[in-house]
Each structure stands twice: as C-alpha cells, then as structure tokens.
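Student: Before I ask anything, here is the structure I am working with.
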Amino acid sequence: MKHRIVFLERESIRGTFRQPDFPHDYDEYPLSAAEDVTARVREASIVITNKVVLRGELLATLPKLKMIACAATGTDNVDLAWCREHGIVVSNIRGYAVNTVPEHVIALAMALRRNLLAYRRDVRDGQWQRSPNFCFFDHPIRDLHGATLGLIGRGSLGEGVARLAEAFGMRVLWAERKGAEKVGPGRTAFAELLRQSDVVSLHCPLNDATRGLIGEAELRLMKPEAILINTARGGIVDEAALVRALKENWIGGAGFDVLSKEPPREGNPLLELDQPNFILTPHVAWASAGAMQALLDQLTGNLEAFARGEPRNRVA
C-alpha cells in the first residue's frame, strides 16, 4: 500500500525530518489553521499533527485515514475515543524530552527560590548602586538543597526531574492520585504532598481527571513560600486562582511554561502578572535543539513501525 502522509505543522518543530522508507506521497505545511485542515487531510492515510485539533466530526469524513502520528507526547488534541472505536492507530512521542524539560523545571525552581528576577530588577533600578553595604538582602534566598520537591505525575519527565533534584540534595515526594482511597507504596497522599512540598512540579497529562487539578483549595494547602512549576499543560491549573494566589501571597511563586490556550491571542490573566515571583515562558521547555531532533527521529520510526504492521507508542 502506498501511503499519503500529511504533516500539518512542520514549522512547529525544528530539525531534519527523515521521510520514512516505505512507498508514500508526502505533503507538508508550515502551519495549518483550523479552517484549512479538512481540505489538506482529505486524501491522507497518515496525518502528522503537533497541536492541530482532530475531533471525531472531522475524522469521520476521512475514509482513507489509517494513522494519526502525534509529533508530541500530549494527545489531548486528538479524539482518542473515536480513533479506538474506528480502528485508527494513534502514536505519540515518548522520552525525547527527558533532559530538556527537567532542566527547565530546575531552572525555574532555582530562579524563583533564589529570587533572581527580583534582584535583577533591583540592580536595573539602581538599588545596588545606592546600597551602603556591598550587597543587600531585600528578598529571601532559599537553597534547593534540603528542600522538599513534590512531583505530580511519574512518567519519564517526572523521573528526570527527580534525578536532578536528588543531585541537588532535595527530598522527593511522589503524589498519589487525587481522591484516592489508599496511598500506594512510595507515594504521598495528594493533599499531604501539597502541604509538605517547597516546590511542586506537574508532570501529568491533561484529561478529564486532571483538568483543574490545582485550584484554589489546593493552592491554599501549599506553604506560603512554596513554588508551583507547570511544564505539562495549562488546563491542569485554575489560572484565575493562581493569579489570586500570587497577588495575595498564598504561595511564594510560580514558574509556568504552558497556558490553557496557546498561543494566548485573546489574553490570559497570567499574562498580566508583572511581579518577580512569577516566570512565564512560551511553551519551550521541550524545545532544545537536541530534543527536537530526537522527536523527529522518533516520529519517523513511529511511521515505519506502523507501515510494518507493528505500530509502537500507541495511545489508541
């Protein structure tokens, strides 16, 4: 069988994409707006998507479709239930960001624990120049060493963060599922983890069980000096509640690489925050050059495995 492959968002990933070694036709688009998708994938047997949404209503109009290759780990943009019901293979990318995302998490945690943005602002504003001493201590500086890290989600990224944290001398706690009746071995009850942690980092997928996982009640459980890090998905955290938490000092700070809608063309309350205990980066924790090339290489491997009749990294 000769496949037709359509890559909807080639520009969203930098690096060399090696086309698979089976017979195929190939079309790629730098980006794809929602209104362009139907026409572009009409003849496709394999669709490659990063963030373009593929729901059942659209998929039902594609009789030739056999596979959706997600060029990412997250699959919340794909109607997995519909694909399972109709025999469409969906594969994702795994393990490619086991170094780059954990490094970003630690970078955010260090910057916030050491109040780097606050001190940088003060130097810019001339406070050091006016100081009677050789330095000044206007903002608390806290080490990672000896601090407690609470991890929510125990995939490869959470494990990668744990390895780095332990190298810094942090104590690592793993969260039990929220609302679980029993706490499994090596786990800490969800609420108790929030109470004990100096840094909480999220590494779970976005689905019905995790949407709004961290809201006002959870933020109020955290220590007043605690840091919340989110490099997973924006919808896991109630963003309006987080704004209140930061403005009213329920927690010590937050470092986010994700928002509930990306790009945030219609605004977002977190974009309006201009205070040194909040860092927002534009969903780039995953995007080191090495990680992006590893992603593209794995993507090609997923396509070739599917064509051999041995699909891998299946989520549907």
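The values are calculated or read from the model by the stated rules, or taken from the named source; none is laboratory data. This one's a predicted model, so the numbers in the text were calculated from it and none came from an experiment. Here Cβ is always computed from backbone atoms with ideal geometry, including for glycine, and neighbour counts include all displayed protein chains.
Student: Can you tell which of D297, D257 is closer than 17 Å to V199 by Cβ and in contact (Cβ under 8 Å) with a residue 60 or more places away in the chain?
Tutor: Just one listed residue meets the conditions, D257.
Student: Mind checking whether some residue in segment 20-40 is part of a loop (DSSP other than H, G, I, E, B), polar (S, T, N, Q) and over 16 Å from T300 (Cβ atoms)?
Tutor: Yes; the residues of segment 20-40 include at least one that is part of a loop (DSSP other than H, G, I, E, B), polar (S, T, N, Q) and over 16 Å from T300 (Cβ atoms).
Student: Wholly within segment 42-124, which helices (runs of 4 or more DSSP H) include no fewer than the required count, namely at least 3 residues that are within 30 Å of P276 (Cα to Cα) and among the β-branched types (V, I, T)?
Tutor: 100-113
Student: Of the residues in segment 42-55, how many are surrounded by 14 or more Cβ atoms within 10 Å (Cβ to Cβ) and either in contact with a helix residue (DSSP H, G or I) (Cβ under 8 Å, 6 or more places away or on another chain) or in the same structural domain as R233 (by TED's automatic domain parsing) (or both)?
Tutor: Result for segment 42-55: 7.
Student: Please specify each residue of segment 149-184 satisfying the condition of being closer than 20 Å to A209 by Cβ and surrounded by fewer than 14 Cβ atoms within 10 Å (Cβ to Cβ).
Tutor: G179, A180, E181, K182, G184
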